[in-house]
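First up is the structure itself, then whatever we jot down about it.
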Amino acid sequence: MTERKKIILANKPATPDAERDAFAPRRPPVRGSGSAPRKRMTVEEAEQAAKAREEAAKLAAQAPASTPRDESRWPGERPRAPAPRRDDRDRPAASRPRDDRPRESAPPRFDDRRPDPRNDPRPQRQDPRSQAPRGPHQDTRQASPPSAPQQDFRKDGRRAQGPRPVQAPAPTEGSVEHDGRIRLSKLMSERGLSSRREADEWIEHGWVLVDGEVVSELGSRVYPHQDITIDAAAKTQQAQRVTILINKPIGYVSGQAEDGYEPAFVLIRPENHWKEGERNKMLLTRGHLKHLAPAGRLDIDSTGLLVLTQDGRIARELIGEDSNIEKEYLVRVELPDNPDEKNISGVFPGELMDKLRHGLMLDGIELKPAKVSWQNEQQLRFVLREGRKRQIRRMCEQVGLKVVGLKRVRMGRIVLGNLPLGQWRFLQPDERF
């Protein structure tokens with residue numbers, strides 16, 4: 001019989017079943033009923049533990065008295081100086097005990113706050129960029145130096161050395177460089193190859209060659225005498241862009257809708273397509289309605305030929321700053337003082353007629369010479385080479401005439417013809433303005 005069983009039998013009451021219960025196998029504890037029973041010590045283990053306690057007590061009695069160990073320190077760490085008692089902090093230094101003398105102040109803690117550059121005792125570090133010599137691309141333009149050195153603070157909070165450098169203004173878009181180069185898209189527009197927007201698209205696609213080399217970077221600059229070649233793919237794309245002619249009625253605006261009036265763009269529908277004036281039959285698609293812009297506006301009270309185009313060359317040809325395309329108008333007028341006068345051409349002074357042809361100014365700018373003649377007794381015929389806002393109406397007001405009807409009948413070599421009011425047609429491939 002083992003020692004454990006002997007101890008159990010010695011501690012249990014004498015019953016007939018005590019020996020049977022002592023040798024019975026132990027059952028595991030039921031889950032939730034508590035922790036497992038603790039393992040009991042044997043007689044030998046209990047005797048060894050008692051001997052160990054006695055030896056520890058003897059060693060503690062023989063050891064000399066020492067400073068109790070500071071459990072807050074790591075092994076090998078230097079002991080910390082004792083903090084002064086609260087009651088000693090208010091006492092003068094002379095009356096404090098010798099061991100409580102004030103210690104040297106601890107080194108300042110790291111502070112990540114940026115110091116004030118004006119009170120920073122540390123030596124100022126100079127920016128190497130301000131002392132570096134200029135490179136070969138030094139700006140040769142002369143600029144007057146500032147009257148007094150201007151101090152500036154850098155991003156790190158320190159004061160920069162020397163005056164603030166003077167920066168030359170950047171060249172504007174389309175401006176001529178000092179070496180005579182200009183933007184490639186501007187040069188293409190001036191030569192009539194494309195609009196500036198088309199030129200940028202072609203340059204991105206790599207369809208533009210300058211002196212035989214492909215230029216694909218936007219904003220590239222070239223010399224005016226260089227040769228520009230356009231790839232066939234760009235010409236094909238340009239040929240697919242359409243131009244639409246509309247006989248605009250009164251009450252429609254040329255561009256975006258305004259003041260509740262609809263733009264003439266809404267008239268471009270299949271049911272309004274006038275196919276009798278077209279030799280090349282085309283069907284209207286959704287792609288034809290994208291990026292259509294008016295080239296030469298008509299005000300809401302005017303009617304006649306209105307051009308909407310996707311081709312930037314045609315828009316520049318009709319309304320560009322250097323455009324010389326003639327625009328012909330039929331203008332019905334009356335005398336404000338005598339609206340019942342039927343023979344206006346007979347009573348209108350000839351010197352005022354000459355002034356309509358040349359000699360008037362709008363917005364402080366002299367107008368270009370115009371062709372003005374009588375179409376009938378109440379109608380004038382105007383041929384202009386410019387298109388200022390409400391130009392004909394304002395010209396007639398200056399000579400004492402009131403415009404009651406205005407119709408555009410021709411732009412360059414394209415005439416309104418028999419195009420019905422409110423209908424439209426495609427510009428044919430063989431038609432040129």
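How many residues does segment 249-268 contain that are assigned to a helix (DSSP H, G or I) and free of Cβ contacts under 8 Å to residues at least 24 places away in the same chain? Walk me through how you get there before you give the answer.
Restricting attention to segment 249-268, the residues satisfying the condition of being assigned to a helix (DSSP H, G or I) are 264-267.
Applying the additional criterion that residues be free of Cβ contacts under 8 Å to residues at least 24 places away in the same chain yields 266.
Residues that pass the stated criteria total 1.
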Hits in segment 271-319 (condition: farther than 30 Å from residue 186 by Cβ and modelled with pLDDT under 85): 277, 278, 279, 280, 281, 282, 283, 284, 285, 286
Kindly provide the set of residues from segment 274-293 that are surrounded by 14 or more Cβ atoms within 10 Å (Cβ to Cβ) and more than 19 Å from residue 420 (Cα to Cα), ordered by number. 288, 289, 292, 293
All but one of (1) more than 23 Å from residue 309 (Cα to Cα); (2) outside the structural domain of residue 360 (by TED's automatic domain parsing) hold for residue 381; state the number of the condition that does not hold. (2)
Return yes or no: is residue 271 at negative phi and loosely packed, with under 11 Cβ neighbours inside 10 Å? yes
Condition first: surrounded by 19 or more Cβ atoms within 10 Å (Cβ to Cβ) and farther than 30 Å from residue 275 by Cβ. Can you find one or more residues in segment 412-427 that meet it? no
State which residue is farthest from residue 202 (Cα to Cα) when the search covers only segment 280-317 and only residues that are of a type in the set (Val, Ile, Thr) and part of a strand (DSSP E or B). 303
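Conditions (1) basic (Lys, Arg); (2) out of contact with any helix residue (DSSP H, G or I) (no Cβ under 6 Å at 6 or more places or on another chain); (3) in contact (Cβ under 8 Å) with a residue 60 or more places away in the chain; (4) buried (at least 21 other Cβ atoms within 10 Å of the Cβ), marked per residue:
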| residue | (1), (2), (3), (4) |
| --- | --- |
| 189 | no, no, yes, yes |
| 202 | no, no, no, yes |
| 209 | no, yes, no, no |
| 217 | no, yes, no, no |
| 230 | no, yes, no, no |
| 241 | yes, yes, yes, no |
| 247 | no, yes, yes, yes |
Output the residues belonging to segment 376-411 that are over 21 Å from residue 339 (Cβ atoms), hydrophobic (A, V, I, L, M, F, W, C), surrounded by 17 or more Cβ atoms within 10 Å (Cβ to Cβ) and touching a residue at least 60 places away in the same chain (Cβ under 8 Å). 411
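The values are calculated or read from the model by the stated rules, or taken from the named source; none is laboratory data. Since the structure is predicted, the reported quantities are computational estimates derived from the model, not experimental observations. Because the Cβ atoms are built from the backbone with ideal geometry, glycine has one as well, and the counts that use them run over all protein chains shown.
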